[in-house]
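Here's the structure, in structure tokens; my notes come after.
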Amino acid sequence: MDTIIHSATVLSDITCAHWCLNTPTCCSASYEITTKECLLDSCCYPDTQPSMNGIFIQKTEKSSREQECIDSVGFIFSTTANVCYHIGPEIAINFTYINTFCPSIGSELIKIDSYEKHVFAQDIAATSVRICIQGNKDNTDFQFRFDDGSQMNYFLWDIGQPANKNDQHYLIMTKRENANLYQWNDVFKLRLDLQCLVICEK
């Protein structure tokens, strides 16, 4: 019996997993990396064939963290990245305001501390050109630090970055032209001529 309930071409396995998570009749999903095809299945244990380009996704019992996230209005839990996140507005770059937006909804600006987290933010940014991310060097030792004061060790700088100009203390991810790839730039605290997407996490 065919148990496939939906199929579509989607951006990533994370998007495919979210689709299954938000579809009540979906118990598992498969994602083909090459074709980007996502199949939702009502069967939790469908027959599968090993594939170098295939990813199998299965719903599991929700953890307390996941349930707490789901209960938070406007937040989504990514089981793939283990992140509870909220996609905020796309606004003019003003870190004075941006650094109050996420705390106002009980969260913090997204913290990119690994390549996997970078890819996660990149995948959910969709068509946004820039993403404002946590971290700045507006401190006495001019070292990039997260909001809790811990030193940053992961960066994915664009060519010619960081520019290290006076007062370019804050960070954004910028989409490369003609590619679904984001790299980092340092930026002034206030750049009202540019917009960025705000992603919160908790």
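The values are calculated or read from the model by the stated rules, or taken from the named source; none is laboratory data. Bear in mind that the values here come from a model prediction, so they are computed numbers and not experimental data. No Cβ is skipped: glycine too gets one built from the backbone with ideal geometry, and neighbour counts run over all protein chains shown.
Being touching a Leu at 6+ places or on another chain (Cβ under 6 Å) and modelled with pLDDT of 95 or more: is that true of ASN185 here? In short, no. Pairs linking a residue in the stretch 154-180 that is surrounded by 15 or more Cβ atoms within 10 Å (Cβ to Cβ) to a residue that is part of a loop (DSSP other than H, G, I, E, B) and among the hydrophobic types (A, V, I, L, M, F, W, C), with Cβ atoms under 6 Å and 6 or more positions apart or on different chains, are GLN168/PHE188; LYS175/VAL129. Just one of the listed residues (CYS26, CYS16) is part of a loop (DSSP other than H, G, I, E, B) and not assigned by TED's automatic domain parsing to the domain that holds ASN82, namely CYS26. Name the single residue that is modelled with the lowest pLDDT among those in the stretch 100-129 being assigned to a loop (DSSP other than H, G, I, E, B) and not small (Gly, Ala, Ser). Checking each candidate, the answer is THR127.
In the stretch 41-64, the residues that are of a type outside the set (Asp, Glu) reach residues that are loosely packed, with under 11 Cβ neighbours inside 10 Å with C-beta atoms within less than 6 angstrom, at least six apart or across chains, in these pairs: ASN53/THR34.
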